[in-house]
Amino acid sequence: MALSQKRIDELCDIARGIREDIVDITAWAGGAHIGGALSVTDILVLLYWEVARVDPENPQNPDRDRVILSKGHAGVGYAPVLARKGYFDFGLLKDFNKFMSPFGMHLDSLKVKGVDVSTGSLGHGLPMAVGLALGARLRKKTWTTWCILGDGELNEGSIWEAAMAAAHYKLSNIVTFVDRNRLMIDGPTEEVMALEPLADKWKAYGFNVLSANGHDFAELHAAVEAARKHTTGPSVILADTVKGKGVGFMENEVKWHYGGLSSDLVEKAKESIRAEKAN
């Protein structure tokens, strides 16, 4: 069933709040991978508020869906999502990435409630998703594994090895998102290591390929619904996103892959995020 406009508006409000949280946490931490956290926000909000079967009151429920943020450096965006969902108190994030804090730049599943697997060294998320999906099949479980990849991460050969395995075993219980913001730490993806034709690559590896505007909840949700209906193998959703989304001076700027924020820039960033609602 398609999302109602009322629900879309609610999700947009939640996403704007998460983006403001990302700005605050980046400032508290002294710096973070803010650009890619802002680009993946809407995907995370859709998963945690609409799609994934999760329960913050019972985070180890064996029948829950699994969510893997393979681009683990975007933990500054993942942490406020989990906090606002109720896994832990948001106030704890004031110590994000500081000495003795459980919240490192890459979230540790042994320290942060709600994180299914630790990620950080890029290229590990999809291989782990394949293992989880095979485990679910062997145990006759019906939960889904949702894996979120960065597009720069697709330079890693382990991603494509995992893709071959997912297709070979016809793992329809995996849905993968690619946060296609077209920028990585060293520059544009197409200059560092060209990915296009990206859809054709995934098709050649045996995936059901879907595309969506990664900042449009209606399109993202429709892609998820189409992926759920595909029962003969894995699906990938190529989500067209903007690095630094919502903060005008950061959008499509590679220098904001990682950065810190002064108090003036915090206010400027928040004004930009709030202005999107007015538009």
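The values are calculated or read from the model by the stated rules, or taken from the named source; none is laboratory data. Owing to the predicted nature of the structure, the values given are computational and were not obtained by experimental measurement. As a convention, Cβ positions derive from the backbone with ideal geometry for all residues, glycine included, and neighbour counts pool all protein chains shown. Heavy atoms of the whole protein, side chains included, go into the accessibility calculation; ligands, DNA and RNA do not. Shrake-Rupley method; radii C 1.70, N 1.55, O 1.52, S 1.80 Å.
Restricting attention to the stretch 22-35, which residues are in a helix (DSSP H, G or I) and either among the aromatic types (Phe, Trp, Tyr) or open to solvent by 10 Å² or more (accessible area, probe 1.4 Å) (or both)?
The answer is Asp24, Ala27, Trp28, Ala29.
Would you mention how many residues in the stretch 225-279 are open to solvent by less than 20 Å² (accessible area, probe 1.4 Å) and either free of Cβ contacts under 8 Å to residues at least 40 places away in the same chain or over 18 Å from Ser39 (Cβ atoms) (or both)?
Residues meeting the conditions: 5.
If I filter the stretch 154-179 down to residues being surrounded by fewer than 24 Cβ atoms within 10 Å (Cβ to Cβ) and among the charged types (D, E, K, R), which single residue comes out as farthest from Val242 (Cα to Cα)?
Lys170
Being touching a helix residue (DSSP H, G or I) at 6+ places or on another chain (Cβ under 9 Å), of a type outside the set (Val, Ile, Thr) and surrounded by fewer than 21 Cβ atoms within 10 Å (Cβ to Cβ) is true for just one of Leu3, Leu38. Which residue is that?
Leu3
Among the residues of the stretch 63-72, is any surrounded by fewer than 24 Cβ atoms within 10 Å (Cβ to Cβ), touching a helix residue (DSSP H, G or I) at 6+ places or on another chain (Cβ under 9 Å) and more than 21 Å from Arg180 (Cβ to Cβ)?
Taking every residue of the stretch 63-72 in turn, at least one turns out to be surrounded by fewer than 24 Cβ atoms within 10 Å (Cβ to Cβ), touching a helix residue (DSSP H, G or I) at 6+ places or on another chain (Cβ under 9 Å) and more than 21 Å from Arg180 (Cβ to Cβ).
Only residues that are open to solvent by less than 20 Å² (accessible area, probe 1.4 Å), of a type in the set (A, V, I, L, M) and within 16 Å of the chain's Cα centre (by Cα): list them for the stretch 106-122, please.
Passing the criteria: Leu107, Val115.
Can you name every residue in the stretch 60-80 that is touching a strand residue (DSSP E or B) at 6+ places or on another chain (Cβ under 9 Å) and not in a loop (DSSP other than H, G, I, E, B)?
Arg66, Val67, Ile68, Leu69, His73, Ala74, Gly75, Val76, Gly77, Tyr78
Asp9 - would you say it is out of contact with any Phe, Trp or Tyr (no Cβ under 7 Å at 6 or more places or on another chain), crowded, with 18+ Cβ neighbours inside 10 Å, of a type in the set (Asp, Glu) and modelled with pLDDT of 95 or more?
So Asp9 fails the test.
Given the stretch 162-279, what strands (runs of 3 or more DSSP E) lie entirely inside it while holding 2 or more residues that are small (Gly, Ala, Ser)?
208-213, 235-240
Name the single residue that is farthest from the chain's Cα centre (by Cα) among those in the stretch 123-146 being of a type outside the set (A, V, I, L, M), surrounded by fewer than 17 Cβ atoms within 10 Å (Cβ to Cβ) and assigned to a helix (DSSP H, G or I).
Among those that are of a type outside the set (A, V, I, L, M), surrounded by fewer than 17 Cβ atoms within 10 Å (Cβ to Cβ) and assigned to a helix (DSSP H, G or I), it is Arg137.
Can you find a residue that is part of a helix (DSSP H, G or I), open to solvent by 40 Å² or more (accessible area, probe 1.4 Å), within 22 Å of Gly260 (Cβ to Cβ) and among the basic types (Lys, Arg) anywhere in the stretch 82-96?
yes
Looking only at the stretch 210-224, which residues are more than 16 Å from the chain's Cα centre (by Cα) and buried (at least 20 other Cβ atoms within 10 Å of the Cβ)?
Leu210
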